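A.B. asks: The structure's right below; bear with me while I get my questions together.
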Amino acid sequence: MARILVTGGAGFIGSAFVRHLLATSDDEVTVFDALTYAGRLENLAGVLEDPRVRFVRGDVADRDAVRAAIAGHDLVAHLAAESHVDRSLLDPDVFVRTNCVGTNVLCDEAARAGVARFLHVSTDEVYGSIPEGAADEDAPLAPSSPYSASKAGSDLLALAHHRSHGLGVVVSRSSNQFGPRQFPEKLIPLFVTTLLRGGDVPLYGDGRNVRDWLFVEDNCAALDRILRRGEVGTVYNVAGGNERTNLEVVDALLACLGLDRSRVRHVTDRPGHDRRYAITAARAAALGIGAGRAFEPALEETVRWYVDNEAWWRPLLGHVRNR
């Protein structure tokens, strides 16, 4: 049994990761979350009653709060982050504070506390746009937005703490994720909730931007393995194997809801919008991480969740920020 601190554990991926840990291990889990707009206790419904779970409200950039929370833990899974590109274009300072300063504080305090292994959860967006082929873990970092730049910086900070202080850091860079409980300003939940309310989907540019989609539960299983078995000081790409243009994603959503393209509205593209993300996953495969679920069945499951859980997403719509 291990004691695991999960930062950002009340967010979309973080809460799914906590659920995964509880279902697959006998570990004790401390959720550390600031409960900003996207971190919600509702995401942990049915989880906080588990005697193995403890919740601590705190900011990863607050050194005193981090020091108090991290004491006595064997492992850290660092998922707390500002993650929405559009928000980073509007308010980049918040991204640098949380993603860079927060990661530095957390790594420093983890090293002081004697944490054995530290998983830093990142994104394929740090590689920038990939016109052809796919980026491996040694590809140059070429971020295009304040969000991806702050994540690239936090990756390097975490790895520097490994090299400088011997902290057992492993880094994951996952492709675009989707699934239940994702805040409704990200592409799939934004489009689903817009369609369910009778609106038209606001599709950036020509809709030909390509992303590789990964179901959140598959990512959580991969993160768990990387945390426990990854080679320290190493980066692992986690790919979904489901490359789709945004227009293809929209078509799949429309098919799930029995609608057609008359519900699509093309809008002005956002600045610095990367055309394509693609990553290799051979290193993860060597660690025993297999392919994720096929896109369409996982998307259908996701859409059903939003159809059945309007009481979860409707109160959040006033907090959505997109350009």
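A.B. asks: So if I check each of ARG225, ARG208, which one is over 13 Å from the mean Cα position of the chain (by Cα), in contact (Cβ under 8 Å) with a residue 60 or more places away in the chain and under 21 Å from PHE12 (Cβ atoms)?
C.D. replies: Step by step, each of ARG225, ARG208 is checked, and only ARG225 is over 13 Å from the mean Cα position of the chain (by Cα), in contact (Cβ under 8 Å) with a residue 60 or more places away in the chain and under 21 Å from PHE12 (Cβ atoms).
For every residue, the table says whether it meets (1) under 19 Å from the mean Cα position of the chain (by Cα); (2) farther than 23 Å from SER88 by Cβ; (3) among the polar types (S, T, N, Q).
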residue: LEU106; (1), (2), (3): yes, no, no
residue: ALA111; (1), (2), (3): no, yes, no
residue: ARG117; (1), (2), (3): no, yes, no
residue: SER122; (1), (2), (3): yes, no, yes
residue: ALA134; (1), (2), (3): no, yes, no
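A.B. asks: Which is open to solvent by 50 Å² or more (accessible area, probe 1.4 Å) and more than 23 Å from ILE188 (Cβ to Cβ), of VAL115, VAL101?
C.D. replies: Details: VAL115 fails: open to solvent by 50 Å² or more (accessible area, probe 1.4 Å).
Only one candidate qualifies: VAL101.
A.B. asks: From the list SER150, SER154, pick out the single residue that is open to solvent by less than 10 Å² (accessible area, probe 1.4 Å), more than 26 Å from GLU42 (Cα to Cα), assigned to a helix (DSSP H, G or I) and in contact with a Phe, Trp or Tyr (Cβ under 6 Å, 6 or more places away or on another chain).
C.D. replies: None of the other options fit; the residue is SER150.
A.B. asks: Any residue in segment 67-80 that is touching a His at 6+ places or on another chain (Cβ under 8 Å), at positive phi and crowded, with 23+ Cβ neighbours inside 10 Å?
C.D. replies: No, that holds for no residue.
A.B. asks: Taking ILE130 and the conditions (1) open to solvent by less than 10 Å² (accessible area, probe 1.4 Å); (2) closer than 19 Å to TYR236 by Cα, which numbered condition does it fall short on, given that it satisfies the others?
C.D. replies: Among (1) open to solvent by less than 10 Å² (accessible area, probe 1.4 Å); (2) closer than 19 Å to TYR236 by Cα, the lone unmet condition for ILE130 is (1).
A.B. asks: Cβ-Cβ below 7 Å, separation at least six or inter-chain, first residue in segment 311-322 and over 12 Å from ALA38 (Cα atoms), second part of a loop (DSSP other than H, G, I, E, B): which pairs?
C.D. replies: Short answer, once both residue conditions are applied: ASN322/GLU185.
A.B. asks: Restricting to segment 221-251, and then to whatever is of a type in the set (Asp, Glu) and not in a strand (DSSP E or B), can you tell me which residue is surrounded by the fewest Cβ atoms within 10 Å (Cβ to Cβ)?
C.D. replies: GLU231
A.B. asks: Going by what's in this entry, would LEU190 be described as part of a helix (DSSP H, G or I), open to solvent by 10 Å² or more (accessible area, probe 1.4 Å) and not basic (Lys, Arg)?
C.D. replies: So LEU190 fits the description; yes.
A.B. asks: So in segment 10-37, with the set limited to residues that are polar (S, T, N, Q) and surrounded by fewer than 20 Cβ atoms within 10 Å (Cβ to Cβ), which one is nearest to ARG97 (Cα to Cα)?
C.D. replies: Looking at residues that are polar (S, T, N, Q) and surrounded by fewer than 20 Cβ atoms within 10 Å (Cβ to Cβ), I get THR36.
A.B. asks: Just to be sure, is VAL47 open to solvent by less than 50 Å² (accessible area, probe 1.4 Å) and among the β-branched types (Val, Ile, Thr)?
C.D. replies: In short, yes.
A.B. asks: Please work out which residue is nearest to GLY11 (Cα to Cα), limiting yourself to segment 290-311 and to residues that are of a type outside the set (S, T, N, Q) and open to solvent by less than 30 Å² (accessible area, probe 1.4 Å). So that I can check it myself, show each step before the final result.
C.D. replies: Quick first cut of segment 290-311, residues of a type outside the set (S, T, N, Q) only: 290-301, 303-308, 310-311.
Next cut, open to solvent by less than 30 Å² (accessible area, probe 1.4 Å) only: 292, 295, 298-299, 303, 306.
Numbers: GLY292: 21, PHE295: 22, ALA298: 20, LEU299: 19, VAL303: 19, TYR306: 16 Å.
So the residue we want is TYR306.
A.B. asks: Only one of ARG40, ARG63 is open to solvent by 60 Å² or more (accessible area, probe 1.4 Å) and charged (D, E, K, R). Can you tell me which?
C.D. replies: Working: ARG40 fails: open to solvent by 60 Å² or more (accessible area, probe 1.4 Å).
Just a single option satisfies the conditions, and that option is ARG63.
A.B. asks: Among the residues of segment 83-93, is any crowded, with 24+ Cβ neighbours inside 10 Å and either touching a Gly at 6+ places or on another chain (Cβ under 6 Å) or in contact (Cβ under 8 Å) with a residue 12 or more places away in the chain (or both)? I'd like the intermediate steps shown before the answer.
C.D. replies: Taking segment 83-93 first, the residues crowded, with 24+ Cβ neighbours inside 10 Å are 83.
Within this subset, residues satisfying the condition of being either touching a Gly at 6+ places or on another chain (Cβ under 6 Å) or in contact (Cβ under 8 Å) with a residue 12 or more places away in the chain (or both) are 83.
Scanning segment 83-93, I find at least one residue that is crowded, with 24+ Cβ neighbours inside 10 Å and either touching a Gly at 6+ places or on another chain (Cβ under 6 Å) or in contact (Cβ under 8 Å) with a residue 12 or more places away in the chain (or both), so the answer is yes.
The values are calculated or read from the model by the stated rules, or taken from the named source; none is laboratory data. Predicted model, so just to flag it, every value in this text is computed and none were measured. Glycine gets a Cβ as well: all are built from the backbone with ideal geometry, and neighbour counts include every protein chain shown. Side chains included, ligands, DNA and RNA excluded: accessible areas come from the protein's heavy atoms. Shrake-Rupley method; radii C 1.70, N 1.55, O 1.52, S 1.80 Å.
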